[in-house]
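Contents: one structure, followed by commentary.
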Amino acid sequence: MARRLKGAEATNLFRKLVPDLRWCDSCGIPLVGYRRCPLCNSETRSIRVTPPGDVRPAFDKDIEIVKQAIESSVGVRAAAKFVSLNSLMLLNKVQGIDAADEVIVCGYSIGIREFDIYGRRWIFKPGYVGAKLIVDEKLGFYAITSRDRLREYETVKRSEVLEGDIPPPGTWVAIASRDGGEYGVAKVLQHGDLRVYKVWRALPKDPEFTHKPASISKAMRANESRLTELEKEAVEFLQRVRRLGTTRVSVSGGKDSTVAAYLASLAGIRRAIFVDTGLEFPETIQTVERIARSLDLELDMPSAGSDFWRAVEIYGPPARDYRWCCKICKLAPLAKVTEKGSGRSVNVVGQRQYESTSRALAGRLTRSASTAGDLIAAPIQRWTSLEVFMFIELRKLPLNPLYMKGYERIGCFMCPTSRLAELEVVKESHRELWRRWEEVLERFAKRLRLPREWIDYGLWRWRFEYPAEIQHLAKKLNLKPFEILDRIALDYVSTAIEL
Ligand SMILES: [Zn+2]
């Protein structure tokens with residue numbers, strides 16, 4: 001297994017992965033690696049993003065979430081300034097307690113949208129450009145202080161605010177030094193004092209913040225030569241890989257494996273596999289069938305059927321630290337269709353380096369962790385999400401409609417590795433599916449006398465140990481996190497079979 005890095009090592013690795021992301025101000029589109037825009041020949045400028053910089057286009061539902069988050073966190077005027085349905089918004093996943101994305105508009109990172117697990121809603125925290133525009137144009141909550149210099153982690157007294165519109169305690173506010181030489185973001189404390197969290201020195205050049213009508217398709221046309229280069233290179237890689245053994249492509253109904261399947265088909269690979277865990281969204285099954293049909297693939301579709309629903313009665317809800325579901329719903333059906341002793345097999349997958357540090361370290365061709373001698377080939381290892389989506393547009397490949405409904409990852413609908421933000425999306429978009437799962441959780445909670453919050457705040461996603469931030473959340477909710485875990489452990493001691 002590849003190593004998983006943390007802290008500074010991870011930061012350094014992620015920094016190396018940042019793509020040469022650029023922006024054309026006249027077209028209002030992102031470009032990867034072009035100094036001049038192929039559509040209008042203007043010079044492009046670099047967009048600074050938080051590493052690793054796996055940017056993706058925001059779809060309608062994402063834009064709606066960003067708009068609401070800005071409206072409630074900053075104000076309606078800020079939302080009107082920052083969000084336009086006709087221009088391209090990019091999202092860049094960043095570290096957070098739950099879901100968090102850097103929001104890029106008009107080629108500028110304006111701030112972070114993050115899911116607040118306490119209030120179970122999205123909030124917006126301005127970045128430099130966001131804070132500057134909010135203060136300069138008085139777009140919503142802001143504070144101009146009497147200080148010449150702002151310092152991180154210092155408290156600015158309410159009496160030091162010269163001018164402003166201060167939100168309620170606990171919320172973020174954009175701040176500025178007296179002369180506008182510095183901008184920052186602070187959290188409002190009781191009595192209206194401000195705790196400074198981040199400070200930026202004002203850049204000499206003001207951002208040119210103008211929305212240009214643009215779409216993913218316009219961006220695709222501009223990046224077309226790069227996309228066809230990537231395609232050619234990946235197909236050549238897969239043609240070499242094909243000679244190493246029996247090849248097969250794994251599809252999931254997600255964007256990455258769709259592109260991998262397309263590239264594999266160009267390289268002459270015909271066999272595809274999709275493991276139906278029995279916990280799939282209907283849209284995912286339909287997308288997989290469309291992919292197989294449009295690429296003329298021979299699709300193997302082993303299914304776990306209702307195995308999950310039977311097993312959950314024995315083992316209880318699966319958790320991040322108790323993932324029996326993977327073995328029963330994924331590996332068991334897979335084993336049924338895997339031929340033994342027929343030489344080496346190569347599995348083509350849609351994995352990408354941006355997904356985790358272990359994937360970034362893994363390389364493009366790796367040994368399978370589960371089956372000795374077998375190989376895993378990742379043709380789009382170095383592609384960004386943005387390139388994947390533009391490529392899907394270029395080749396008119398089927399795209400799972402869930403991406404348009406606010407989903408960022410495609411998998412089992414109640415996966416315990418889901419973030420709370422993702423579960424909220426499921427509740428909203430697939431009420432009946434969610435209800436079936438909620439009934440299981442309710443029965444379990446009733447029998448073990450667990451509080452309702454155990455369901456509503458997704459505490460079921462851990463079985464043996466809560467991470468620090470979840471312990472903190474539980475305490476804030478007046479729950480006893482250790483008692484909850486003990487109660488589950490005691491009840492299941494008789495059935496805790498080592499899987
Ligand atoms: Zn242009």
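What do you get for GluC sites (Glu not before Pro) in region 384-488 restricted to DSSP loop and a cutoff of at most 14 other Cβ within 10 Å of the site's Cβ?
Glu465
What's the longest bit of the chain with no exposed chymotrypsin sites (Phe, Trp or Tyr not before Pro), using DSSP loop states and at most 15 other Cβ atoms within 10 Å as the test?
The longest such stretch corresponds to 154-463.
If the viscosity is 1.567 mPa s and the temperature 4 °C, what Stokes-Einstein diffusion coefficient in µm²/s follows for region 7-201 when Rh is the Kirkwood radius over Cα pairs?
Details: Rh = 17.4 Å.
In µm²/s, the coefficient rounds to 74.
Let me check against my output: what whole-number percent is the relative contact order of region 339-492, with C-alpha pairs under 8 Å and at least 6 apart?
Relative contact order comes out at 13 percent.
Given labels modelled 7 Å from the Cα in the Cβ direction, how far is it in nm from Ser306 to Cys40?
With each label placed 7 Å out from Cα toward Cβ, I get 5.9 nm.
What fraction of the Cα pairs in region 430-492, stated in percent, has a spacing above 15 angstrom?
Working: 949 of 1953 pairs.
The proportion of pairs with Cα distances above 15 Å equals 49 percent.
Calculate the spin-label point distance for Glu233 paired with Arg367, positioning each point 7 Å from the Cα along the beta-carbon direction, and give it in nanometres.
2.8 nm
Tell me which cysteines of the chain come out unpaired when the rule is another cysteine's Cβ under 4.7 Å.
When partners are defined as cysteine Cβ atoms under 4.7 Å apart, the chain leaves Cys40, Cys106, Cys325, Cys326, Cys329 without one.
Mean separation of Cα pairs under 8 Å and 6+ residues apart, divided by the residue count of the chain: what relative contact order is that in percent?
Taking the mean separation of contacting Cα pairs over the length of the chain, I get 14 percent.
Quick check on region 223-405: what are the equivalent-ellipsoid semi-axes from the Cα gyration tensor, as sqrt(5λ), descending, whole Å? Write out the running numbers ahead of the final one.
On the way: eigenvalues 144, 78, 53 Å².
Equivalent ellipsoid semi-axes, largest first: 27, 20, 16 Å.
I need two numbers for the chain: Rg to one decimal and Dmax as a whole number, Cα atoms only, in Å.
For the chain, the Cα-based Rg and Dmax read 24.4, 77 Å.
All of the numbers you see were taken from the coordinates with simple rules; none came from a lab. Computed from a predicted model, the values in this text were never measured in an experiment. Using ideal geometry, Cβ is built from the backbone for each residue, glycine included, and neighbour counts are taken over all protein chains shown.
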